[in-house]
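Contents: one structure, followed by commentary.
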Amino acid sequence: MPRNNNAAPKRRGRVPAFIWVLLGVLVLAIGYRLVRPGTAEARHPTPRPGITAARVQSPALWSSTPDIAEVYAMAAQIPEVIDGIYCYCDCHHNFGHYSLLECFESDHGGNCDVCMNEVRIAYRMHKEGKTLEQIRAQIDATYGKGG
């Protein structure tokens, strides 16, 4: 069969431009995810001097749900610890909370598994004598990688 000289020659080895654009967007997205300033390690708040549990809801308000009442009691015992912990339910962005402590100043904490689990971790580790940095590291290891 004779060769058609009017046909455009096939380009071999060239990647279409849209592939390069897609690759660039992917690289930027991954880079942003890895180095964004919003990593939890950078978001843990500084505990406020003199913070107390005065605004933590009474566990008695949760008497019909003993598991939740227990977590509110835990939160009330360690306000200076949980005031230095970022809450991975992102209530900082959604509700303007300063720290995990503020989740328990309303019914938010009792309706959120993340908030309650973070307090359980913090309470247990604090009772074991762990530092705030160690508690943060455990919470980051538990919630930070997927968030």
I'd like the residue in the range 134-147 that is free of Cβ contacts under 8 Å to residues at least 12 places away in the same chain and not in a loop (DSSP other than H, G, I, E, B) and, out of all such residues, is farthest from MET74 (Cα to Cα).
ALA141
Give the residue that is nearest to HIS92 (Cα to Cα), with candidates limited to residues of the range 123-147 that are among the acidic types (Asp, Glu) and under 17 Å from the mean Cα position of the chain (by Cα).
ASP140
Can you tell me how many residues in the range 91-147 are farther than 19 Å from ARG48 by Cβ and either touching a His at 6+ places or on another chain (Cβ under 9 Å) or of a type in the set (Val, Ile, Thr) (or both)?
4
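Among ASP107, ASP113, ASP83, which is the only one that is of a type in the set (Asp, Glu), in contact (Cβ under 8 Å) with a residue 12 or more places away in the chain and closer than 18 Å to TYR143 by Cβ?
Going through ASP107, ASP113, ASP83 in turn, the sole match is ASP83.
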Since LEU100 meets every condition but one in (1) of a type outside the set (S, T, N, Q); (2) touching an Asp or Glu at 6+ places or on another chain (Cβ under 7 Å); (3) farther than 15 Å from PRO47 by Cα, which condition does it not meet?
(3)
The range 79-122 - residue that is among the polar types (S, T, N, Q) and within 14 Å of the chain's Cα centre (by Cα) and, of those, surrounded by the fewest Cβ atoms within 10 Å (Cβ to Cβ)
ASN94
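How many of the residues making up the range 117-133 are in contact (Cβ under 8 Å) with a residue 24 or more places away in the chain and charged (D, E, K, R)?
Restricting attention to the range 117-133, the residues satisfying the condition of being in contact (Cβ under 8 Å) with a residue 24 or more places away in the chain are 117-120, 122-123, 126, 132.
Of the ones still in play, those that are also charged (D, E, K, R) are 118, 120.
Result for the range 117-133: 2.
At least 2 residues that are among the acidic types (Asp, Glu) in each: list the helices (runs of 4 or more DSSP H) lying fully within the range 37-132 that qualify.
Working: elements: 40-43, 66-77, 79-82, 91-95, 113-127.
In the range 37-132, the matching helices (runs of 4 or more DSSP H) lie at 66-77, 113-127.
Where a number appears in this text, it was derived from the coordinates with a stated rule and is not lab data. Keep in mind that what you see is a predicted model, and the values were worked out from it rather than measured. Neighbour counts are summed over all protein chains in view; Cβ atoms, including those assigned to glycine, are modelled from backbone coordinates with ideal geometry.
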